[in-house]
Structure formats: C-alpha cells, structure tokens
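Enquirer: If you scroll down you'll find the structure; I have some questions about it.
The values are calculated or read from the model by the stated rules, or taken from the named source; none is laboratory data. A quick note: this is a predicted structure, and the numbers were derived from the prediction, not measured. Here the Cβ positions follow ideal geometry from the backbone for every residue, glycine too, while neighbour counts run over all protein chains shown.
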Amino acid sequence: MDVVGGVWARVQPVGDIALAGPALLVVLAAALVAVAVPTLWGVLRLGVTLVHELGHAGVGMAVGRRFTGFVLRGDMSGHAVTVGPPRGAGRVVTTWAGYPAPAVVGALAVRLGTHGWSGALLAAVVVVLLVALLRVRSALTAVVVLAVTALTGWLFWSGTALAQAQVLVAAGLVLVVGAWRHLGAVAGTRDATSDAGVLARLTGVPRFVWLASFGLVCAGATWVVGATVLSAL
C-alpha cells in the first residue's frame with residue numbers, strides 16, 4: 001500500500017468504539033495520573049497552553065487576522081501574536097478564544113475518538129501542528145510542537161482503533177481538566193494583561209462576565225465529555 005493510500009485508509013471512520021472494562025479503566029487511570037502527579041502535570045500543562053495559544057491563532061485567522069508567531073514558556077504561560085485592527089469584533093473573538101480552546105478541543109477529541117473518527121482527527125492535528133511549526137518563536141516551543149507532532153503522527157500511523165480512541169479520550173479529559181485549572185488561575189488574579197483583562201479593556205464589559213463565558217464553555221465541554229464516556233460504556 002502506498003503512502004497516500006495508507007493515509008486515506010487510516011482517516012476513514014471505523015464505527016463506534018466501546019471503551020468498556022479494562023479499556024476504560026486504562027483511560028481513566030492515565031488521565032487521573034496525568035492531572036494528579038505534579039511533575040507529570042507540569043509537563044502536560046505545556047500541551048494545554050499549546051492548545052490555548054493555537055486557539056487564539058486559529059480563530060484569529062478565521063476572522064481575517066494574520067498569525068505571525070507564538071511562544072510557550074517554561075513557566076507554562078504562552079503568547080500568540082496575530083496582526084490586524086487593534087480593536088473591533090475580530091480582536092475581541094481572537095482574544096476570547098484562548099481559554100475555551102482546550103475544553104472545546106478536549107470535548108471534540110472524546111466525541112470523535114469514541115465514534116470512530118480518531119484517524120481523521122489525528123491527521124488534522126498533525127497538519128495543524130506542522131503549519132504551527134512555521135510560526136514558533138522559541139526553542140522550547142519548537143521542541144514541544146515537534147514532540148507532540150511526532151507522537152500524534154506515530155499514533156495515527158501505527159495505533160489500533162482502540163488505542164487511538166483510548167489516547168484521545170485520555171487527552172480530552174486532560175485538556176478539559178486543564179481548561180478548568182487555567183480558568184481557576186486567571187480568575188484568581190487581577191492581572192490587567194490577562195485575556196479577561198484585555199477583553200474588559202477592549203469592550204467595557206466587566207472582567208467577571210468574560211470569566212463567566214469561559215466557564216460556560218468549560219461546563220458545556222465537561223457535559224459533552226461525561227455524556228460521551230457514559231454512552232461508550
């Protein structure tokens with residue numbers, strides 16, 4: 001089978017994947033360890049930040065802004081730069097998109113993973129990461145993006161349908177938990193340079209309203225994840 005044919009075969013849906021018994025226990029145990037062990041969470045937080053920054057970038061490009069670069073930092077923070085009008089709806093939705101992005105992507109990973117679309121989603125992630133690699137602006141960012149791309153590509157090419165679904169569900173759970181933890185961190189600060197602070201300055205809408213909107217998206221994503229996992233049993 002040639003490479004193109006192999007890729008095409010792997011992006012086809014395979015039907016619902018039942019995560020019952022040991023398969024589900026492996027997923028839940030992996031996700032629990034990931035968020036509960038401080039050292040491991042310290043590493044995985046970079047993945048949550050990566051999704052956050054690419055959320056800014058993706059929505060920015062969707063509304064006509066130009067994505068010029070992004071960085072991930074050792075303290076688990078990050079920054080994405082999009083060029084366009086300094087005010088207006090495009091700037092607002094681009095700024096807003098960061099905190100909800102991990103929750104939305106996490107819910108999507110769980111939903112598609114359990115419904116047989118793991119291959120297609122993994123392929124899309126690889127494409128997004130390869131494009132993002134052209135916009136990295138630090139060595140750490142390059143290392144993280146390359147590592148995630150390599151692992152995703154390996155899972156896409158070599159993983160069984162069940163293994164792909166397990167990894168996507170575990171990753172989705174970690175992203176949703178990470179979205180809540182990041183939201184909790186920003187809610188506990190009055191930093192005017194945070195996304196909520198910038199949105200308040202751009203629109204005049206109080207900061208707590210923007211925080212509440214992030215929370216609503218996280219809550220919706222949590223519901224989708226919970227309902228999907230229960231239905232997959």
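Enquirer: Can you name the residue in segment 170-195 that is in contact (Cβ under 8 Å) with a residue 60 or more places away in the chain and of a type in the set (G, A, S) and, of all such residues, is nearest to L108 (Cα to Cα)?
Expert: Among them, the one singled out is G172.
Enquirer: Something else now. So, L19, is that one under 23 Å from the mean Cα position of the chain (by Cα) and either in a loop (DSSP other than H, G, I, E, B) or crowded, with 19+ Cβ neighbours inside 10 Å (or both) or not? Talk me through it step by step, then tell me what you get.
Expert: Values: under 23 Å from the mean Cα position of the chain (by Cα): yes; either in a loop (DSSP other than H, G, I, E, B) or crowded, with 19+ Cβ neighbours inside 10 Å (or both): yes.
When the stated conditions are applied, L19 passes them.
Enquirer: Looking only at segment 189-213, count every residue that is in contact with an Asp or Glu (Cβ under 8 Å, 6 or more places away or on another chain) and among the aromatic types (F, W, Y) and tell me the total. Working first, answer last.
Expert: First, the residues of segment 189-213 that are in contact with an Asp or Glu (Cβ under 8 Å, 6 or more places away or on another chain): 197, 210.
Next, only the ones that are among the aromatic types (F, W, Y) stay: 210.
Qualifying residue count for the region: 1.
Enquirer: Any chance segment 77-90 includes a residue that's among the hydrophobic types (A, V, I, L, M, F, W, C), in contact with an Asp or Glu (Cβ under 8 Å, 6 or more places away or on another chain) and under 22 Å from H182 (Cβ atoms)?
Expert: Filtering segment 77-90 for residues among the hydrophobic types (A, V, I, L, M, F, W, C) gives 80-81, 83, 89.
If we keep only those that are in contact with an Asp or Glu (Cβ under 8 Å, 6 or more places away or on another chain) too, we end up with 80.
Next, only the ones that are under 22 Å from H182 (Cβ atoms) stay: 80.
Yes, segment 77-90 contains a residue that is among the hydrophobic types (A, V, I, L, M, F, W, C), in contact with an Asp or Glu (Cβ under 8 Å, 6 or more places away or on another chain) and under 22 Å from H182 (Cβ atoms).
Enquirer: Right, here's the next one. Looking for something over 22 Å from V143 (Cα atoms) and touching a strand residue (DSSP E or B) at 6+ places or on another chain (Cβ under 8 Å) - is there at least one such residue anywhere in segment 86-106?
Expert: yes
Enquirer: Here is a follow-up. Could you list, in sequence order, all residues of segment 206-233 that are surrounded by 14 or more Cβ atoms within 10 Å (Cβ to Cβ) and of a type outside the set (G, A, S)?
Expert: Answer for segment 206-233, where residues must be surrounded by 14 or more Cβ atoms within 10 Å (Cβ to Cβ) and of a type outside the set (G, A, S): R207, W210, L211, F214, V217, C218, T222, V224, V225, T228, V229.
Enquirer: Restricting the search to segment 16-62, which residues are among the small types (G, A, S) and either within 30 Å of W96 (Cβ to Cβ) or free of Cβ contacts under 8 Å to residues at least 40 places away in the same chain (or both)?
Expert: G21, A29, A31, A34, A36, G42, G47, G55, A57, G58, G60, A62
Enquirer: Give segment 67-85 a look and list any residue that's exposed (fewer than 13 other Cβ atoms within 10 Å of the Cβ) and out of contact with any strand residue (DSSP E or B) (no Cβ under 9 Å at 6 or more places or on another chain), or say none. Show your work before the answer.
Expert: Residues of segment 67-85 that are exposed (fewer than 13 other Cβ atoms within 10 Å of the Cβ), as a first pass: 74-75, 83, 85.
Answer for segment 67-85, where residues must be exposed (fewer than 13 other Cβ atoms within 10 Å of the Cβ) and out of contact with any strand residue (DSSP E or B) (no Cβ under 9 Å at 6 or more places or on another chain): G74, D75, P85.
Enquirer: A further question on this structure: Only one residue in V27, V4, V92 is buried (at least 16 other Cβ atoms within 10 Å of the Cβ), at pLDDT below 95 and farther than 20 Å from V144 by Cα. Which one?
Expert: After applying the criteria, what remains is V27.
Enquirer: Mind checking which residues of segment 197-233 are free of Cβ contacts under 8 Å to residues at least 60 places away in the same chain and not in a helix (DSSP H, G or I)?
Expert: The answer is G204, V205, P206.
Enquirer: Something else about it: Kindly evaluate V83 against the criterion of being more than 21 Å from V125 (Cβ to Cβ) and without any contact (Cβ under 8 Å) to a residue 24 or more places away in the chain. Working first, answer last.
Expert: Details: more than 21 Å from V125 (Cβ to Cβ): yes; without any contact (Cβ under 8 Å) to a residue 24 or more places away in the chain: yes.
Yes.
Enquirer: Tally up the residues in segment 198-233 that are within 30 Å of R87 (Cβ to Cβ) and within 22 Å of the chain's Cα centre (by Cα), please.
Expert: Of segment 198-233, the ones within 30 Å of R87 (Cβ to Cβ) are 198-221.
Checking which are within 22 Å of the chain's Cα centre (by Cα) leaves us with 198-199, 210-221.
Number satisfying all stated conditions: 14.
Enquirer: Another question, then. If you check V37 against the conditions, is it of a type in the set (V, I, T) and surrounded by 15 or more Cβ atoms within 10 Å (Cβ to Cβ)?
Expert: Numbers: of a type in the set (V, I, T): yes; surrounded by 15 or more Cβ atoms within 10 Å (Cβ to Cβ): no.
No: the conditions fail for V37.
Enquirer: Of the conditions (1) surrounded by fewer than 23 Cβ atoms within 10 Å (Cβ to Cβ); (2) among the β-branched types (V, I, T); (3) at pLDDT 95 or above, V43 satisfies every one except a single condition; which number is it?
Expert: With (1) surrounded by fewer than 23 Cβ atoms within 10 Å (Cβ to Cβ); (2) among the β-branched types (V, I, T); (3) at pLDDT 95 or above applied to V43, the lone miss is (3).
Enquirer: Another question, then. Just to be sure I understand, how many residues within segment 1-19 are under 15 Å from H115 (Cβ atoms) and not acidic (D, E)? Working first, answer last.
Expert: To start, the set of residues in segment 1-19 that are under 15 Å from H115 (Cβ atoms) comprises 11-19.
Now drop any that are not not acidic (D, E), which leaves 11-15, 17-19.
Here the count works out to 8.
Enquirer: Then there's this: Counting just the residues of segment 186-202 that are buried (at least 16 other Cβ atoms within 10 Å of the Cβ) and not hydrophobic (A, V, I, L, M, F, W, C), which one comes out modelled with the lowest pLDDT?
Expert: My answer is S194.
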